[in-house]
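Just below is one structure, and these are the notes that go with it.
The values are calculated or read from the model by the stated rules, or taken from the named source; none is laboratory data. Since this is a predicted model, take the numbers as computed values, not measurements. Heads up, the Cβs are rebuilt from the backbone with ideal geometry, glycines too, and the neighbour counts pull from every protein chain shown. With ligands, DNA and RNA removed, areas are computed over all heavy atoms of the protein, side chains included. Shrake-Rupley method; radii C 1.70, N 1.55, O 1.52, S 1.80 Å.
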Amino acid sequence: MTSTTERVGVHPQRWAVLGVLCLSVMVVVLDNTVLNVAIPSISTGLGASTADIQWMINAYSLALAGLLLTTGSLSDRFGRKKALLAGLALFGAGSAVAAYAGSSEALIAARGFMGVGAAMLMPGTLAVLMQLFDEKERPKAIGIWAAVTSLGFAAGPVIGGALIKNFWWGSVFLINVPVAILAIVAVAALVPESKDPTVRRPDVVGSVLSIIGMVALVYAVIEVPEHGFGSVRFGVPVAIGLVAMTAFALWERRTAEPMLDLGFFADRRFTGAVASGVLAAFGMAGSLFLLTQHLQGVLGYSPLEAGVRVAPMAIALLVTSNTLGQLVLKLGASKAMLLGMTIVAGGVVLLSIGTTYPPTLAGLILIGVGVGVAQPVAVNALMGSIPPERAGIASGLSSTLTELGSSFGIAVLGALLSARFAAALPDGVPSRSLSEALHSGADITLVRDAFSSGMSVSLVIGAIAVFLGGVVASVLLRRA
């Protein structure tokens, strides 16, 4: 660790550095949500098939989820600043290639390249933040970091809709390039280097097993919408993933210098934060994925209009995380987590009855408030429970499991919606997607009612998952 970062919390430019870290995260978050809006234009521009479109999304997810553990470990070993710079450079280069891709195959490859870059830079942002802020300032810094992440999610569809309206589909990728360049310059100038002072041998076996395991598990989830949970396309990769991750855990326990110290899980703060993060990601990612379809297909908003209507969630999060810090400190981590996650669950329940926009708006505001209360507490508990020199691998593990929770949430809640949607449609109406059913000539009101009915059930399941995450975190943090 450098002498600069040893003086935790007193780095003179720490708030400027936080802005740089937020900018680095923003470019990744924006890309994910912007792409969703651009899919129809990409499909038309490249003559892409449905399978091509799926792989444009999946190539990124597979690279990100598969590499986060390894890149988190490497950032601890070789330096978080180096990891941030390399990740931003790869992400920016991949974005430039994606913007001018002349075929579906080229765009899929570029998206995979971008996923590698994102995996390199994500763990370092939190790790550097934990180095620079002391326990007093850390909750506020984490709250800002979390709010910016949510702001990127909400702003993505708005920015994407505006770009598609005025430019060509490649502009949604090209916009990343100047942002990445700006972030690289700022990181080089402002971010201090930090790394694990202990010299560790690279855990090659652990890295290979973790990559195989996570890629197999995420690939299995990707296959669910097309083939179902009972298919070989789901069962085989799940089996491979579970075997690989079991072998990874056994190897990490016996090797002298493990990539991931499984002793982290002995700390209830760490386990509570990770478990709640997975359950919250399951419920929220699945619910918000369905909500975007509902806003456009059922309520009839354009992509840009839908994006604007999701924005209040990010605004509520931003306000909450910067105004309720003292209340959260007085409540304590256990009560704050339960309160925040309960508010989020209540917001998701409101989304489930949102046949019009007003209850949807109320639900989004509640979700923003709840996340604003719970997320800084969870991140602070997670990162405060491990040695600062291992912050990169801890952040990588948390991001990996959250990515997995999000993927399963989208798959499971989407599958529940699809089953109920198909059952509620009149005979002969195609049920593969809401768009297909709406353009089939069937009664639009019946199609929209069928989708809303299926979505309500899925969102209630999502709300239960979020609430359980709050209960688990509360119990473990109280015992800690």
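Quick notes
- The residue among Gly346, Pro258, Ala65 whose Cα reaches farthest toward the positive pole of the charge dipole of the chain, with charges on the beta-carbon of Lys, Arg, Asp and Glu, is Pro258.
- Residue among Ala155, Ile240, Leu182 farthest towards the positive dipole end of region 140-249, charges placed on Cβ: Leu182
- Pairwise Cα inverse-distance average, inverted: Kirkwood Rh of region 142-249 (Å): 18.4
- Relative contact order (%) - criterion: Cα under 8 Å, at least six apart; region: region 11-162: 40
- Crossing angle, helix 268-293 versus the chain [Cα axis fit, 0-90 degrees, rounded to tens]: 30
- As a ratio to 2.2 N^0.38 Å, the alpha-carbon radius of gyration computed for region 102-164 takes the value 1.53.
- The order of the peptides 287-298, 91-102 by mean Cβ neighbours within 10 Å, most packed first, is 287-298, 91-102.
- Dividing the radius of gyration of the alpha carbons in the chain by their Kirkwood radius gives 0.95 for Rg/Rh.
- Cα-based helix-to-principal-axis angle, 444-479 vs the chain, degrees rounded to 10: 20
- A crude spin-label estimate for the pair Lys136 and Asp261, with each label 7 Å from Cα along the Cβ direction, gives 2.8 nm.
- Kirkwood hydrodynamic radius (C-alpha pairs) into Stokes-Einstein, region 208-340, 10 °C and 1.306 mPa s, D in µm²/s: 85
- Electrostatic tally near Arg233: other residues with Cβ closer than 11 Å to its Cβ, Lys and Arg +1, Asp and Glu -1, net -2.
- Taking a ≥ b ≥ c as the square roots of the eigenvalues of the Cα gyration tensor, an a/c ratio of 1.5 or more together with a/b no larger than b/c marks region 292-346 as oblate.
- Calculated log₁₀ intensity ratio I(q)/I(0) where the Debye formula runs over C-alpha points of region 336-480, q = 0.14, 0.15, 0.18, 0.19 Å⁻¹: -0.77, -0.84, -1.05, -1.12
- With Cα atoms, 0 to 90° folded angle of helix 232-254 axis to the chain main axis: 10
- With the highest mean first, a sort of the peptides 157-164, 300-307, 120-127 on other beta-carbon atoms found within 10 angstrom per residue produces 120-127, 157-164, 300-307.
- Treating each Cα of region 263-358 as an identical point scatterer and summing with the Debye formula, the log10 of I(q)/I(0) at q = 0.10, 0.19 Å⁻¹ comes to -0.37, -1.04.
- Using only side-chain charges placed at the Cβ, +1 for Lys and Arg and -1 for Asp and Glu, the dipole size of region 89-206 relative to its Cα centre rounds to 120 debye.
- Number of Lys pairs (Cα under 19 Å; 8 or more positions apart or on different chains) in the chain: 6
- Percent accessible area from carbon and sulfur atoms, the chain, protein chains only, probe 1.4 Å: 67
- Highest-first arrangement of 231-237, 168-174, where packing means the average Cβ count within 10 Å: 168-174, 231-237
- Rolling a 1.4 Å probe across the protein heavy atoms gives the chain an accessible surface of 40 Å² per residue.
- When nucleic acids and ligands are ignored and a 1.4 Å probe is applied, Thr402 ends up with an accessible area of around 50 Å².
- Electrostatic dipole magnitude of the chain [Cβ: Lys, Arg +1; Asp, Glu -1; Cα centre; debye, to 20]: 1080
- Rounded to the nearest 500, the helix-only mean residue ellipticity at 222 nm of the chain stands at -28000 deg cm²/dmol, with each DSSP H run of n ≥ 4 adding -39,500 (n - 2.57).
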